[in-house]
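Taking it in order: structure first as structure tokens, then the write-up.
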Amino acid sequence: MTSLFLYDDQTAREFEPFTLTRPVSELMAGAVITRERWEKVSGLKAEGFIGAEHLRHFDEAGAPRCIGGDTVIPPGSLIANSRFVPSLASSLRTAPGELNESGAFNCGDEICAVRTKEAIRVSEITANGRPLSAVSRDGGSCVMKGRWLTAVWELIGTLTDQLTEDIPALAAGIQIIPVDTTVLGTFGVFREAGSTIEPYVVLDATAGPILIRSGATISSFSRIVGPCYIGPHATIVGDAIRACSIGDTCKVRGEISNSIMLGFSNKGHTGFVGHSYLGRWVNLGAGTTTSNLKNTYGSVQLSMPSGMRETGAQFLGTLFGDHVKTGIGTMLTTGTILGMGANVYGGSVSSKYVPPFTWGADDTYEIRKFIDVAQRMMSRRHVELSADGARLLEDAYAVSRGNRQ
């Protein structure tokens, strides 16, 4: 039987600040996690991902595990590049349960997935830097629809287009119930059975479609502006949510626009967040505000461990790594990166790059104390931090030591 594996190439491994604790295939692009996209278009369940060594203990519900260098990938397997976001309208199947026999799948001039022609060890791909095309089986090439991500900030830059494409495709496969509230605009508004919309909510589909998933709650006096995705068990507690992708079990109060919340993160108070990406288990203190536009209206630069990067984006807020926390009244400048596990407080944060596990201005979290806090936070959402999950945090702490110094 054909197996599916996701591959983080060298470019994907530079998607700071998220790749310290997760593969790129477990980031949400538009309304869907990339690994789930590949599963949908291929009809296969992902059996593992090929990623950085420090992710060997990655353990998250529903996600595959990291496969080591000695793992043998059987012939005929599908290996997909994590940086390619396949269109949900695509299909690699020529018939139900039957995968396209092509040896390679491409978009533009690049190979986004291959069928292996022979058994191959993971180490033969990663150690030698072999391109995926070198391990593809014979049988020609098939063109796929989708988009490439060449840098982490493109997850924000492509968000509105991706949501506009994703939402109608997702809605086609779910049970829809009538929307009994004020609806504006002509784009589709889709409400899944099991969601709750209180009185005095406005769903504005003037600029794009809206999808509200099962278990989500939209409180009174909220305005949802499309294109917008509200994920399962998310809670919207008021104000305007514009062109956002709100992931599983997130809580949002106050204005947020053009942003992604990956899942289990909390913006429970007022404060503006714009053109930003929040990883998992992020908690924003009351009044936390991101700047997403320079006073010069110029292109935003990001300060990364590898140096300054020109994004070409006029709008870009903050990239919040997993487990980041901000104190009350935190002000973040345009194009800020908060490294995984950083705990920032004390008003304005002048640095555009805050290293992982930073405590305050210049101290460092003790790893044992950090794990204790993570366990308490996760238990509040009825999620247990597994032994492997704790070891992943320890590995992230060790590998990021150089960045902190």
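The values are calculated or read from the model by the stated rules, or taken from the named source; none is laboratory data. Remember, predicted model here, so these are calculated numbers, not experimental data. Quick reminder, even Gly has a Cβ in these numbers, built from the backbone with ideal geometry, and neighbours come from all protein chains shown. Only protein heavy atoms, including side chains, enter the accessible area calculation; ligands, DNA and RNA are left aside. Shrake-Rupley method; radii C 1.70, N 1.55, O 1.52, S 1.80 Å.
Couple of notes before you dig in:
- All positions within the stretch 294-303 that are part of a strand (DSSP E or B) and crowded, with 17+ Cβ neighbours inside 10 Å: Gln301, Leu302
- Residue within the stretch 98-117 that is within 13 Å of Tyr7 (Cβ to Cβ), of a type outside the set (Asp, Glu), open to solvent by 30 Å² or more (accessible area, probe 1.4 Å) and within 24 Å of the chain's Cα centre (by Cα) present: yes
- Residues located in the stretch 165-180, provided they are without any contact (Cβ under 8 Å) to a residue 24 or more places away in the chain and within 15 Å of Ile218 (Cβ to Cβ): Ile177, Pro178, Asp180
- Extreme residue, surrounded by the fewest Cβ atoms within 10 Å (Cβ to Cβ), among residues of the stretch 37-74 that are among the small types (Gly, Ala, Ser) and at pLDDT below 95: Ala61
- Hits in the stretch 3-38 - residues which are touching a Lys or Arg at 6+ places or on another chain (Cβ under 6 Å) and over 15 Å from Leu155 (Cβ atoms): Leu6
- Highlighted here are the strands (runs of 3 or more DSSP E) found entirely within the stretch 307-380 that include at least 3 residues which are under 21 Å from the mean Cα position of the chain (by Cα) and surrounded by 20 or more Cβ atoms within 10 Å (Cβ to Cβ): 318-320, 336-338.
- When Ile218, Ile256 are checked against the criterion of being out of contact with any Phe, Trp or Tyr (no Cβ under 6 Å at 6 or more places or on another chain), β-branched (Val, Ile, Thr) and under 15 Å from Arg191 (Cβ atoms), Ile218 stands alone in meeting it.
- Any hit, the stretch 132-143, residues being assigned to a helix (DSSP H, G or I), at pLDDT 95 or above and open to solvent by less than 70 Å² (accessible area, probe 1.4 Å): no
- You will find that of Ala234, Ala205, the residue that is under 19 Å from the mean Cα position of the chain (by Cα), under 23 Å from His275 (Cα atoms) and open to solvent by less than 20 Å² (accessible area, probe 1.4 Å) is Ala234 and no other.
- Here the condition is being of a type outside the set (S, T, N, Q), in contact (Cβ under 8 Å) with a residue 40 or more places away in the chain and touching a strand residue (DSSP E or B) at 6+ places or on another chain (Cβ under 8 Å); of Gly347, Gly327, it holds for Gly327 alone.
- Scanning the stretch 239-256 for residues being open to solvent by less than 10 Å² (accessible area, probe 1.4 Å) and of a type outside the set (A, V, I, L, M, F, W, C) gives a total of 3.
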